Amino acid sequence: MHHPNKDGFFGNYGGMFVPDTLMPALEALLKCYERIKDDSAFTEELAYYLHHFVGRPSPLYLAKNISKKFHKTIYLKREDLNHTGAHKINNTLGQILLAKKMGKTRIIAETGAGQHGVATATVCALMGMPCDIYMGSNDIERQSLNVKRMTLMGATINSVNTGSKTLKDATTEAIRDWMKHVENTHYIIGSALGPHPYPLLVRNFQSIIGKEARKQVLEQAGTLPDAVIACIGGGSNALGIFYHFLEDTSVRLIGVEAAGEGLETKKHAASLSKGKPGVLHGSLNTVLQDENGQIQLAHSISAGLDYPGVGPELCYLKEKGRLESYAITNHKALEGCKQLAELEGIIAALETSHALALLADKTVLSDNQTIILCLSGRGDKDMETISKHV
Amino acid sequence: MSNLLEQVFKEKALIAYVTLGDPSVEATITYCKALIDAGISMIEIGLPFSDPIADGPIIQASHQQALATGEDVSVNRGFALIKQLKEYAPNVPILIMAATNIIMQYGYQSFFKQANDVNCDGLIMPDCSFEMVQAINQIQQPPNVPLINLVSPVCDTERLKNIVTYSKGFIYLISSTGITGERNEFSNKLKQLVMDIKNIKNIPVAIGFGISQQDHCKRLSQFADGIIIGSHFVKLIQEKPSLKEGIDAVCNRVKQFKAVL
């Protein structure tokens, strides 16, 4: 029921809004994925690397100090402890194995915060594949540490100077590269975005987060949680942790978007809350845009949430009422980050900090509940931004 | 199909792409009229979009420039331009080329209704695959405003058959894989593809993407019914110090290209 239909639609959202040139590549990708996804050679190889290279399963950690502070039982799903420091590698590993099966010899990717770029550069180094990363010049500036990591692992960084010089423009540039080199190149999209079958692929590769978390919480707490919380940019960590809880109707699924400087301003990235259905980067989703259909610039203190669209499956889940969404400002996200650092000794990424900040909101989460929060990434990359503000 | 398109494709057609509002809407009007005077067979009016995925750097820059002026470059402004051009030259087909999102936000039904009213001769949505056209069942094309489908050299036999069978107006054949922009290499499959298309249905085929040389026009027009020039003209307009010099340069090229068709 949660699978997209043959054209890649989740209800009213999704699809394959791409030039004809890309259709055969998307069809080949889907066919190859469907053929090998249950093939034991593939699943075993993926499981091997997820365990020995990435360090999975990631812990589900009962965070006692913030639990006490907020009068709840709060479990953190520690994706920040994965190799490379975020959930992104779950997807890049799956996709590069897929690319190898398809006989592709070159990898490209877009990146915002640089986490997906690092995760892509990492698996390319591992598999010995050349790698081109597209990154907005503004993001290159605010995520310089990640740029250095990618370069060290042998990736080529392509600075994108068009439009807002952030993730949106890097994605456009990566799609263009793919159209030019579609015959030998695989494009590893970093979020559950883009044309079908990408939202499906990324969600499935990331769904290991929720699969583990569900098992772990049953073992540790003996019960399902009251709510699962994740930050939402494009939506890959959110769908990843939500997916195996979709059928557990007692479990609230809560997504937290970036309210930037406030939803009442134009400087935010809350596509689920404030976007209108539109076509961006190959799929129909809720997009921040003006009345003529021009895409608006998103804004968030965290580069990874700074995107004017959102994964089509999340749009569908929200429309169906299965997903609740809230938005957290830059200011509150920084507070959330500081609080976790002080109370738990964990520095979370600013993306994740948006989800952390929601814990303080009693109108959304009442006391004595059991919560799982996806700690999608660690905050080392954000230290410059954090130290400027805190 | 639009009688005008049928008429135009009785001879080899030279088709120009023009971005609405680059460098200004007023300039676009002057430029289109000059193209018509120089003997262009057909014009595609490109509506600027903030995030064009099918276009190369030249046309993207042109879109950004048009949007940056802050002028009205909406669908309605495009229709107003078509109305003016139709008064100037009723027999030159004028099409609109726009990103799917631009048309979706305007409303597919309203678009086709208005397009029909201003005698627009067709719509091209370069980022809307044929499968999506089928999926968006709201798109009912009035007979005089066909939705022109694009076909690329990587299109397989089965899809090609589907696309061509449902196509009206003409087929927009993409010269090679990749985005718009000047290039010297074209897919060696083009001739065969044109033959395959004609075997499925007798429909005109125009080739576009990256054509900039007289020699390209000569070679490709031996088997295609039309040649579409985009980036090459956009670049000429951008490069020349004044609009007049840009327009003169493009019109000269139009004459040179027409001479070898």
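Extending each Cα 7 Å along its Cβ direction at residue B:259 and residue B:37, get the distance between those two points in nm, one decimal.
Those two pseudo-labels are separated by 2.0 nm.
Hey, can you find the accessible area per residue of the protein assembly as shown for me, probe 1.4 Å, expressed in square angstrom?
Working: 23370 Å² over 651 residues.
Dividing the accessible area of the protein assembly as shown by its residue count gives 36 Å².
Need one number: the % of Cα-Cα pairs in region B:209-256 sitting beyond the 14 Å mark. List each step's numbers first, then the result.
Details: 571 of 1128 pairs.
For region B:209-256, the share of Cα pairs beyond 14 Å comes to 51 percent.
How big is the Cα convex hull of chain A in projection, averaged over all directions, in nm²? Walk me through the intermediate numbers first.
Details: hull surface 68.5 nm².
That works out to 17.1 nm².
Would you please state the base-10 log of I(q)/I(0) at q = 0.15 1/Å for region A:75-175, with intensities from the Debye formula using one equal scatterer on every alpha carbon?
For region A:75-175 at q = 0.15 Å⁻¹, log10 I(q)/I(0) is -0.56.
How far is it, in nm, from the label point at residue A:102 to the one at residue A:71 when both lie 7 Å from their Cα along the line to the Cβ?
5.2 nm
Taking all protein chains in place and a 1.4 Å probe, what share, in percent, of the accessible surface of the protein assembly as shown do carbon and sulfur account for?
Numbers: 11420 of 23370 Å².
Answer for the protein assembly as shown: carbon and sulfur cover 49 percent of the accessible area.
Lone cysteines in chain A, going by a 4.7 Å Cβ-Cβ cut-off?
A:32, A:231, A:315, A:337, A:374
Output wanted: per-residue J couplings in Hz (rounded whole) for region B:98-107, from phi through Karplus 6.51 cos²θ - 1.76 cosθ + 1.60, θ = phi - 60°, x for Gly and Pro.
So the J values, rounded to whole Hz, are 8, 4, 3, 4, 4, 6, 4, 5, 6, x.
If packing is taken as the average number of other Cβ atoms within 10 Å across a peptide's residues, how do B:72-83, B:237-248, A:33-44 rank, most packed first? If you can, show how the numbers build up before the last one.
Details: B:72-83: 19.9, B:237-248: 14.8, A:33-44: 12.8.
With the highest mean Cβ count within 10 Å placed first, the list reads B:72-83, B:237-248, A:33-44.
Gain in length, residue A:364 to residue A:41, computed as 0.36 nm per residue apart minus the alpha-carbon separation, to one decimal in nm? Walk me through the numbers before you get to the answer.
On the way: separation 323, 0.36 × 323 = 116.28 nm, distance 4.44 nm.
Between residue A:364 and residue A:41, full extension yields 111.8 nm more.
Highest first, please rank the peptides A:370-378, A:18-26 by the mean number of other Cβ atoms sitting within 10 Å of their residues.
Numbers: A:370-378: 26.3, A:18-26: 23.8.
For the peptides A:370-378, A:18-26, the packing ranking is A:370-378, A:18-26.
Highest mean first, how do A:189-196, A:269-276 rank when packing is the count of other Cβ atoms within 10 Å averaged over residues?
Working: A:189-196: 28.9, A:269-276: 23.5.
Descending packing order for the listed peptides: A:189-196, A:269-276.
If you count, for every residue in B:123-135, the Cβ atoms of partner chains within 10 Å of its Cβ, what is the mean?
Numbers: counts 0, 0, 3, 4, 11, 7, 13, 3, 12, 12, 0, 1, 10.
Counting Cβ atoms of other protein chains within 10 Å of each residue's Cβ and averaging gives 6.
For region A:1-151, please report how many Lys pairs fall under 27 Å Cα to Cα, leaving out neighbours fewer than 8 apart on the same chain.
27
Work out the P(r) tail for region A:311-357: percent of alpha carbon pairs separated by more than 17 Å, whole number.
On the way: 487 of 1081 pairs.
Considering region A:311-357, 45 percent of its Cα-Cα pairs are separated by more than 17 Å.
What number, rounded to the nearest 500 deg cm²/dmol, is the helix-based mean residue ellipticity at 222 nm of chain A, given -39500 (n - 2.57) per DSSP H run of at least four residues and division by all its residues? It would help to have the intermediate numbers written out before the result.
Details: 16 runs with 161 residues, N = 390.
Helix contribution divided over all residues of chain A: -12000 deg cm²/dmol.
Counting only other chains, what is the mean number of Cβ atoms within 10 angstrom of the Cβ of each residue in peptide A:23-31?
On the way: counts 10, 6, 2, 2, 3, 1, 0, 0, 0.
Per residue, the number of nearby Cβ atoms from other chains is 3 on average.
Just the number, please: percent antiparallel of the DSSP beta bridges in the protein assembly as shown, rounded to the nearest 5. Working shown, then result.
Values: 14 of 73 bridges.
Close to 20 percent.
To one decimal place, what orientation-averaged projected area in nm² is obtained for the convex hull of the Cα set of region B:81-171? Write down the numbers at each step before the final one.
On the way: hull surface 24.2 nm².
Answer in nm², one decimal: 6.0.
5 Å is the cut-off here: which amide hydrogens, built 1.01 Å from N in the peptide plane, fall below it relative to residue B:227, excluding neighbours closer than 5 in sequence?
Under 5 Å from the amide H of residue B:227 lie the amide H atoms of B:13, B:14, B:15, B:207, each far enough along the sequence or on another chain.
For region A:182-339, count all C-alpha to C-alpha pairs, find those more than 23 Å apart, and express that count as a whole percent of the total.
Working: 4858 of 12403 pairs.
Every Cα pair in region A:182-339 considered, those over 23 Å come to 39 percent.
Using protein heavy atoms only (no ligands, DNA or RNA), what is the total accessible area buried between A and B, 1.4 Å probe, nearest 100 Å²?
Numbers: alone 15020 and 11320 Å², together 23370 Å².
Buried: approximately 3000 Å² between B and A.
Show me, bin by bin at 20 Å from 0, the whole-percent P(r) of the protein assembly as shown based on Cα pairs.
So the P(r) values, bin by bin, are 20, 50, 25, 5, 0.
Using a Förster radius of 30 Å, what is the FRET efficiency between residue A:5 and residue A:144 based on their Cβ-Cβ separation? Nearest 0.05, please. Please list the in-between numbers first.
Numbers: r = 43 Å, r/R0 = 1.42.
With R0 = 30 Å, the Cβ-Cβ based efficiency is 0.10.
Report the extension gain between residue A:320 and residue A:48 in nm, rounded to one decimal, defined as 0.36 nm multiplied by the number of residues separating them, less their alpha carbon distance.
Details: separation 272, 0.36 × 272 = 97.92 nm, distance 3.65 nm.
Length gained, residue A:320 through residue A:48: 94.3 nm.
Distance in nm between label sites at residue B:239 and residue B:252, each 7 Å beyond Cα in the beta-carbon direction?
Roughly 1.1 nm, to one decimal.
What 222 nm value per residue comes from the helices of chain B, counting each DSSP H run with n ≥ 4 as -39,500 (n - 2.57) and dividing by all residues, nearest 500 deg cm²/dmol? Write out the running numbers ahead of the final one.
Working: 12 runs with 124 residues, N = 261.
Taking each H run of at least 4 residues, the total per residue is -14000 deg cm²/dmol.
Quick check: the distance between the Cα centres of region A:1-66 and region A:298-324, to the nearest angstrom?
The distance from the Cα centre of region A:1-66 to that of region A:298-324 comes to 18 Å.
Below 8 Å between Cα atoms, with a sequence gap of 6+, how large is the relative contact order for region A:239-364 in percent? Could the numbers behind the result be given before it?
Values: 220 pairs, mean separation 32.3, N = 126.
Once normalised by length, the contact order is 26 percent.
Mind jotting down the three principal axis lengths of region A:265-325 based on Cα atoms? Whole angstrom, largest first.
Largest to smallest, the principal-axis extents are 27, 26, 20 Å.
Quantify how strongly other chains surround peptide A:178-186 by giving the mean number of their Cβ atoms within 10 Å of each of its Cβ atoms.
Details: counts 4, 8, 7, 2, 4, 2, 0, 0, 0.
Partner-chain Cβ atoms within 10 Å, mean over residues of A:178-186: 3.
What residue among A:236, A:283, A:366 shows peak mean-square fluctuation when chain A is described by a Gaussian network model with Cα springs under 10 Å?
So, out of A:236, A:283, A:366, the one fluctuating most is A:366.
What are the ³J(HN,Hα) values, in whole Hz, obtained from phi via the Karplus relation 6.51 cos²θ - 1.76 cosθ + 1.60 with θ = phi - 60°, for each residue of region B:123-132 in sequence order, with x given for Gly and Pro?
Per-residue couplings from phi come out as 10, 10, 10, x, 9, 10, 5, 4, 4, 6 Hz.
Residue B:72 label point, 7 Å along Cα→Cβ, cut-off 14 Å on backbone N: hits in region A:265-299?
Within reach of a label on residue B:72: A:292.
Estimate the FRET efficiency between residue A:211 and residue B:134 by the formula 1/(1 + (r/R0)^6), using the beta-carbon distance for r and 22 Å for R0, to the nearest 0.05.
Working: r = 35 Å, r/R0 = 1.60.
Using R0 = 22 Å, I get an efficiency of 0.05.
The values are calculated or read from the model by the stated rules, or taken from the named source; none is laboratory data. Given the structure is predicted, the values throughout are model-derived calculations rather than measurements. Using ideal geometry, Cβ is built from the backbone for each residue, glycine included, and neighbour counts are taken over all protein chains shown. Remember, those area values only see protein heavy atoms, side chains included, never the ligands or the DNA or RNA. Shrake-Rupley method; radii C 1.70, N 1.55, O 1.52, S 1.80 Å.
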